[in-house]
C-alpha cells in the first residue's frame, strides 16, 4: 500500500488538513470516510484554482476507490496517465504511476502493470522517498510473483524490506507476507515465521482487512508442512474475512485451500463440499470441477499471488 504523503507548505493549509485526515481514515480502513474527505479536498482545491492540489487529492481518492472496488474505470485511468505525462508535479506523477500499476495488478495485466511499477520506482528514487521506494519494490515483486518468478520476487521484497524503519507499518507487514509466501514456494523453512510476523504486525495496527493475506499464506504454508489443524484454522479465518470484505479472489483461494486441507485430513466429503461451493459460485459452467479437484494436488494448481 503506497501511503499518501502531503508536503507542506505547497498547498493551502485547509487542503493539507483534509489530506492528512484522509490518510488517517485510510490507515484506519474507514474507506468511505476517506474517499469523502479526499473528494472534499479535491473540490476545495478546484475552488482555489490549485491544479496540483486537485490532482493530489484525486490520486489519493483513487487509491481509496481501488481499496474498495479493486480496480479503476477507464476514465480515471486516463486521467492518471495525463497527470503522469504532464510531469508537472513529481509526487503526483509518482502516485499516478503507482495507482496505474495497482489497477493493472487487480486486472491481472502483469506486463502493463510491471511497466508502470518500474516508472513508480524510478520516480520514488528521484524523490528519495524510502517508504515509496519500498512500496514500489513490493509492487514489482508482486508482478514477478504472478509470473512465478519467485527468486526475482524475493530479491525485490528483500530490497524493499531493507529500506523500511523497524517500526510497525502496514507496508512492512505486506512485504513480509509476500516474501514469506515466495520463500515457502521455494522450499525455504523461514517463510512461515515471516508470515506470522506479518500477521502480528497487522493485528497490532488494527488493519483487519489486510490480515486476509497472511491467513491465506499461512494456510498454504502449513499445508505444505502437514500441519493440517493449524492450516484449517487460518483457512477458515481467511475465508470469513474475505467474505466480509468482498475479496473474491481471496474467497476462491480460501475455498481451494480448505478443500485441500479436508482432503489431506482424510475427509473427502468435506473437501467435496468446499470444492462444490467454489464451483457453484465461481465456475458455474464447470459442473464436474469438484470431482476433478478431488483427484489432483490443488496446491500445484494455484498461485495465491497471481
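The values are calculated or read from the model by the stated rules, or taken from the named source; none is laboratory data. Note that the structure is a prediction, hence the values are computed from the model and not measured. Virtual Cβ from ideal backbone geometry, glycine too; neighbours counted across all protein chains shown.
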- Item | Flag for residue 46 being within 24 Å of residue 108 (Cβ to Cβ) and modelled with pLDDT of 95 or more | no
- Can we say residue 23 is under 23 Å from residue 134 (Cβ atoms), touching a residue at least 12 places away in the same chain (Cβ under 8 Å) and either in contact with a helix residue (DSSP H, G or I) (Cβ under 6 Å, 6 or more places away or on another chain) or assigned to a helix (DSSP H, G or I) (or both)? yes
- Report yes if residue 32 is closer than 21 Å to residue 208 by Cβ, modelled with pLDDT of 95 or more and part of a helix (DSSP H, G or I), otherwise no. yes
- Within the range 79-93, tally of residues that are within 19 Å of residue 131 (Cα to Cα) and more than 25 Å from the chain's Cα centre (by Cα): 1
